[in-house]
Amino acid sequence: MKVAIRNIKTFAHQIKEKLQNKQYKEAASQIKHVFIGSKITNGILFKLFIYTLLVALGYVYLYPMLYMVTNSLMSMSDIINVAVRWIPSSLNWENYRIVWQDLNYPRALMQAFILAGLPALSATASSAFIGYGFARFRMPFKKTLMTLMIMAFIIPPQITMLPTFRMYANYELLGSIRAFVYPAILGQGLNGPIYILIFYSFFKTIPKSLEESAQLDGASSFKVFTKIALPLAVPSIIIVFLFSFVWYYNETYLSGLFLRGSDMLTLPLRVQQYINEYTSMYPEGSRARELMQAVSLAGNILSILPLLILYFFTQRHFVESIDRTGITGE
Amino acid sequence: MKILNIIKAIPKTIKEKTVRFVKGIMPFIQKVLTFIKRTIKKIAVFMRHNTVFMKEKNDVTFFENYTYTIKNKWYDKFLINGAFVLLFVVIAGYGFITLFKKLWYKMTHNKIIMNETTEIVFFQKFTYRVTNKRRENFIGIAFIFIWIIGYLIFTLYPVFYSLYLSFFKVRLSGRELDLQFEGINNYRAVFLSDPYFVTILGEYAVEMIINVSITIVFALVIAMLINQDIKGKGAWRTVFFLPVIITSGPVIATLINQGATTLPSIENYGFIQQILDNVGGFIANPLQALFNQILLVFWFAGIQILILLAGLQKIDRAIYEAASIDGAGPWESFWKITLPSLMPLISITIIYTVVSMSVFSLNEVIIYIQNIMLGESTSALTTGYGYSAALSWVYFVVMSLIILLFVGAISIRKKVSG
């Protein structure tokens with residue numbers, strides 16, 4: 001900031017001097033140089049343009065979030081009042097209190113964490129294993145297998161839905177967390193191919209000589225994997241775990257089917273269920289129904305709050321993830 | 001003829017024999033399992049009740065002298081039970097591993113299979129030479145073995161089974177499926193007698209083409225803005241990636257219900273309404289839908305922005321400098337340098353966008369298929385599982401066509417431009 005102010009001061013001083021010496025042309029060229037730049041892309045005007053665009057787009061982007069936060073804090077009179085658009089007249093935590101109590105939030109959160117955490121853990125473990133196998137060893141039909149793996153990503157879950165549903169029903173996996181853990185252990189979890197690809201491209205970058213030296217000392221392949229490859233792969237492990245955790249946490253289609261009518265539910269589904277019950281409880285047009293909007297927003301905020309906190313602390317890993325999938329070349 | 005009869009007879013006897021064998025061996029396996037269970041229980045009981053460590057209902061006695069009373073606090077219980085579990089896992093794990101090693105040795109060094117360093121001998125007669133390449137193949141397949149099994153069970157089998165079901169009329173009778181062959185009648189019904197599905201599928205296709213293009217362009221713009229020489233790159237990336245973390249069906253459903261996904265100022269501009277009024281319904285409806293949830297379309301761009309940004313950062317700055325020396329402005333260098341080098345990434349982002357938008361749980365087509373599958377649809381022509389399988393295959397084909405269309409369009413451009 002100080003540097004910027006000093007720059008501006010010297011700039012103004014130079015212009016003033018030039019004007020006093022009646023060097024109008026030089027002054028004009030200097031002004032042009034600063035504002036437009038030697039190329040278009042390094043002048044102040046261009047910078048200003050970019051920042052404005054970014055701020056505007058950022059506002060548009062975050063608009064639903066802002067809407068959720070502010071409206072969930074509004075009291076009934078604020079919602080009805082047209083004049084109150086953004087800032088509630090007073091912070092009203094009542095909505096949150098209602099949802100917190102009715103959902104039994106701590107318990108629901110605990111369940112949601114288990115529901116997301118266990119499958120995420122097993123998916124991470126298995127995909128590290130599989131990714132290492134694909135990256136390190138020559139084997140027949142490797143390319144075919146990898147193509148098949150990527151194909152599986154494109155097939156929409158509706159196609160495999162019916163047989164899978166029946167299979168789970170036959171083995172009585174419906175309504176329990178096992179319906180998510182078993183596929184994850186076998187590397188077929190939610191977005192499984194992506195995790196395998198992340199590990200695949202990471203293990204490709206480890207020099208093979210590192211492992212060969214261990215093999216000369218008599219370590220088996222499995223030992224090489226656990227003692228050398230895995231400790232090096234910690235960043236990838238964190239990324240895969242975070243991603244699969246978030247995806248499992250937000251999953252509603254599969255969990256809506258598999259966990260239908262059971263006691264275990266993911267948090268977003270539970271909030272939705274609660275909101276539906278709440279709506280049907282009060283007749284159309286009653287005062288409680290007016291409060292509905294704010295309460296449902298508060299519920300949604302509570303359901304995404306854990307993820308927001310998680311993201312706040314670990315965002316570096318999320319952002320780095322793309323580099324590690326290796327889809328950008330190398 | 002005799003030979004034929006013999007061949008016919010063989011499977012039956014073998015079948016009966018195997019059934020008898022399995023039936024005979026089942027009680028034995030059960031006995032072994034119960035024995036193992038009992039031993040484990042005995043070990044667990046012994047671990048809690050011995051001279052060093054004695055646990056009664058609320059007291060823990062060490063060395064028969066020091067007594068500690070467990071207060072009814074959760075952490076006390078947690079600590080004690082946790083310690084037990086840990087101890088048990090360590091001891092039992094060690095025991096099992098040593099046992100397993102011995103077993104493994106016995107299994108690989110006997111008269112049937114003899115594992116030597118460079119060859120494996122079967123029945124002391126047939127040798128199989130183990131070369132380095134073969135060993136590597138074997139270990140590699142061992143590593144991905146769980147994936148192969150999972151793929152067969154959870155991906156390949158359901159895919160083929162649903163393809164099979166889509167040619168049948170399926171009724172649920174109890175837990176069994178009652179199949180009745182229909183040929184391609186299901187598929188015919190999709191196109192000929194289900195006007196609703198064809199309509200929403202057409203809308204989906206048009207919407208997808210518009211939305212995907214907008215998402216990609218938006219992602220490209222944002223990625224290029226962030227890639228400029230600006231302050232706080234990390235912060236901007238964080239902001240634009242945020243929706244990936246928080247979007248889930250119910251959250252978005254609430255936002256749509258409350259009208260928070262449309263730009264607040266769009267309704268104030270009459271000209272959009274005017275455009276909508278003046279074009280045909282086939283284009284106007286998807287456009288209207290687009291404007292109603294434009295922010296959602298933007299929200300799907302999180303991962304794409306990161307992919308394109310990573311691609312932009314990989315482009316060598318020297319190329320731009322060389323181009324600007326030759327007199328190319330930013331406009332030319334965008335079309336001649338930036339876009340061509342991003343092309344492979346753009347096709348990846350297109351595939352990703354189409355897939356993630358198509359499988360999103362609020363997609364109308366998906367909701368329709370799901371309702372038919374679970375028998376919650378009120379439509380009269382539903383024939384349950386078989387019909388919904390046919391629907392989802394049609395959906396999949398349309399989705400692949402859209403992907404092909406986009407990728408094809410891109411590769412044509414590449415050929416034309418050189």
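Scanning the range B:217-233 for residues being part of a helix (DSSP H, G or I) and at the interface with chain A (Cβ under 7 Å from one of its Cβ atoms) gives a total of 2.
Among residues of the range A:259-283 that are within 12 Å of another protein chain (Cβ to nearest Cβ), those with a Cβ under 7 angstrom from a residue that is in a helix (DSSP H, G or I) and aromatic (Phe, Trp, Tyr), sequence gap 6+ or separate chain, pair up as A:266/A:249. Checked against (1) among the aromatic types (Phe, Trp, Tyr); (2) closer than 30 Å to residue B:315 by Cα; (3) modelled with pLDDT of 80 or more, residue A:258 passes all but condition (2). Selection of the range A:160-182 for residues being buried (at least 22 other Cβ atoms within 10 Å of the Cβ), without any contact (Cβ under 8 Å) to a residue 24 or more places away in the chain and of a type outside the set (S, T, N, Q) yields only A:162. Listed by first and then second residue, the pairs linking a residue in the range B:296-308 that is within 17 Å of residue B:226 (Cα to Cα) to a residue that is of a type in the set (Gly, Ala, Ser), with Cβ atoms under 7 Å apart and 6 or more places separating them unless they lie on different chains, are B:301/B:219; B:304/B:219; B:305/B:219; B:305/B:223; B:308/B:219; B:308/B:223.
Selection over the range B:335-353 of residues that are in contact (Cβ under 8 Å) with a residue 40 or more places away in the chain and out of contact with any Phe, Trp or Tyr (no Cβ under 7 Å at 6 or more places or on another chain) gives a count of 10. With respect to residue B:61, determine if the residue is surrounded by 11 or more Cβ atoms within 10 Å (Cβ to Cβ), under 30 Å from residue B:95 (Cα atoms), modelled with pLDDT of 75 or more and of a type in the set (S, T, N, Q). Judged against the criteria, residue B:61 is a match.
Residues that are touching a residue at least 24 places away in the same chain (Cβ under 8 Å) and closer than 30 Å to residue B:38 by Cβ do occur in the range B:92-114, at least one of them. Among strands (runs of 3 or more DSSP E) entirely within the range B:91-182, having at least 3 residues that are within 14 Å of chain A (Cβ to nearest Cβ) singles out B:168-173, B:176-181.
Give all pairs with beta carbons closer than 7 Å in which a residue from the range B:200-214 that is within 22 Å of residue B:346 (Cα to Cα) meets a residue that is crowded, with 17+ Cβ neighbours inside 10 Å and not aliphatic (A, V, I, L, M); count only pairs at least 6 apart in sequence or on separate chains. So the pair list comes out as B:206/B:286; B:207/B:286; B:210/B:286; B:212/B:353; B:212/B:406.
Residues in the range A:244-253 that are at the interface with chain B (Cβ under 9 Å from one of its Cβ atoms) and assigned to a helix (DSSP H, G or I): 4 in all.
Every residue, every condition in (1) outside any helix (DSSP H, G or I); (2) aliphatic (A, V, I, L, M); (3) within 12 Å of chain A (Cβ to nearest Cβ), yes or no:
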{"residue": "B:318", "(1), (2), (3)": "no, yes, no"}
{"residue": "B:322", "(1), (2), (3)": "no, yes, no"}
{"residue": "B:340", "(1), (2), (3)": "no, no, no"}
{"residue": "B:354", "(1), (2), (3)": "no, yes, yes"}
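Looking at the range A:222-231, is at least one residue closer than 20 Å to residue A:129 by Cα and touching a Phe, Trp or Tyr at 6+ places or on another chain (Cβ under 8 Å)? Yes, some residue in the range A:222-231 is closer than 20 Å to residue A:129 by Cα and touching a Phe, Trp or Tyr at 6+ places or on another chain (Cβ under 8 Å). With the structure loaded, tell me whether residue A:186 is away from chain B (no Cβ under 11 Å) and under 27 Å from the mean Cα position of the chain (by Cα) or whether it fails that test. Spelling it out, it is not the case that residue A:186 is away from chain B (no Cβ under 11 Å) and under 27 Å from the mean Cα position of the chain (by Cα). Within the range A:118-141, residues that are assigned by TED's automatic domain parsing to the domain that holds residue A:242 and free of Cβ contacts under 8 Å to residues at least 12 places away in the same chain reach partners that are of a type in the set (S, T, N, Q) and not in a loop (DSSP other than H, G, I, E, B) with beta carbons closer than 6 Å, at six or more positions or on different chains, in the pairs A:139/B:137.
Each row is one residue, and each column tells you yes or no for (1) in contact with a Lys or Arg (Cβ under 9 Å, 6 or more places away or on another chain); (2) more than 10 Å from chain B (Cβ to nearest Cβ); (3) not basic (Lys, Arg).
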position	(1), (2), (3)
A:145	no, no, yes
A:192	no, no, yes
A:195	no, yes, yes
A:212	no, yes, yes
A:225	yes, no, yes
A:235	yes, yes, yes
A:238	no, yes, yes
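Checked against the criterion of being more than 15 Å from residue A:61 (Cα to Cα) and either within 13 Å of another protein chain (Cβ to nearest Cβ) or loosely packed, with under 15 Cβ neighbours inside 10 Å (or both), the range B:238-248 has at least one qualifying residue.
The values are calculated or read from the model by the stated rules, or taken from the named source; none is laboratory data. Just so we're clear, the structure is a prediction, and the values are computed from it rather than from any experiment. Using ideal geometry, Cβ is built from the backbone for each residue, glycine included, and neighbour counts are taken over all protein chains shown.
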